[in-house]
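The structure appears below as structure tokens.
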Amino acid sequence: MKTNLIRFLCAALAAVFTISTTAVAMETGKPAPGFTLTDNDGRVHSLADYRGKTVILEWVNPECPFVVKHYQSGNIPAMQRAATEAGHVWLVINSGHPGAQGVYTPEKVRAWQEANGSRPTAYLHDEEGVVGRLYGAKTTPHMYVITPDGTLVYNGAIDSIRSARIADIEKAENYVNSALEDLKAGRPVRTANTQAYGCSVKYR
């Protein structure tokens, strides 16, 4: 009886810990929560700094096969270039804890970006996972689109085919690009929520 009670208490404590550290999904159509993070070069960025611009958030783990798919193919770098050339802001966020897969030193981040042609507005470090949990980021990649007035209008997968195969990119609907096209046309985002796919975010 005593052994069973101990097991029950341990399970209960584990459940509480899991709940407290699990990301909570963000709801579209509501204000995106503010945050402040430091980028790979030591500069501080706040979401409020970009009020008046469309902001794309991309959760990343450079070693995740699903992320590798979109970078080695040139897909995400091309999306980043198109977005920033259009005047949008593209923030890459790594919420993995130090020592986790894909959590690089600033020098290694720069080398990885150079090798893949990645040119976002900033690559942000979220080692405590505070912003990741705030937004409910579950996978890498996990994508969000925020309007110039600060409303979250897209939350979910980068595209419609849940695979790590480069060949699937051209066959899939790119949900982020579709959301940006809807905003440019002045219409509501038609697909505002999807289920993100990829590797789990390596929270502490």
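Give me the percent of DSSP beta bridges within segment 24-200 that run antiparallel, rounded to the nearest 5.
The answer is about 65 percent antiparallel.
So what's Rg/Rh here for segment 61-124, counting alpha carbon atoms and using the Kirkwood radius for Rh?
Using only Cα positions, Rg/Rh for segment 61-124 is 0.96.
Segment 41-137: which GluC sites (Glu not before Pro) are DSSP loop and have at most 14 other beta-carbon atoms within 10 angstrom?
E128
Cut-off is 10 Å between beta-carbons; in what order do Y50, Y197, Y123 appear when sorted fewest neighbours first?
Least to most surrounded, the residues fall as Y50, Y197, Y123.
Give the lysines reachable from K69 as a straight Cα distance under 20 Å; neighbours fewer than 8 places away on the same chain don't count.
K108, K138, K171, K202
To test your reading of the geometry: what angle, between 0 and 90 degrees and rounded to tens, separates the Cα axis of helix 175-185 from the longest principal axis of the chain?
Result, in degrees: 50.
If you take all C-alpha pairs in segment 116-200, what percent of them are over 15 Å apart?
Summing the P(r) tail past 15 Å for segment 116-200 gives 64 percent.
Within the set of other residues whose C-beta is less than 10 Å from the C-beta of A100, count the net charge using Lys and Arg as +1 and Asp and Glu as -1.
Taking every Cβ under 10 Å from that of A100, the sum is 0.
Amide H neighbours of L124 under 5 Å, at least 5 residues apart or on other chains, H built in the peptide plane: list them.
V92, I93, N94
Using only Cα atoms and rounding to the nearest 10 degrees, what angle (0 to 90) does helix 2-21 make with the longest principal axis of the chain?
20 degrees
A short reminder: the numbers here are calculations on the coordinates, not readings from a lab. From a predicted model like this one, the values you see are computed outputs, not experimental measurements. Methodologically, a virtual Cβ is constructed for each residue, glycine included, from the backbone with ideal geometry; neighbour enumeration extends over all protein chains shown.
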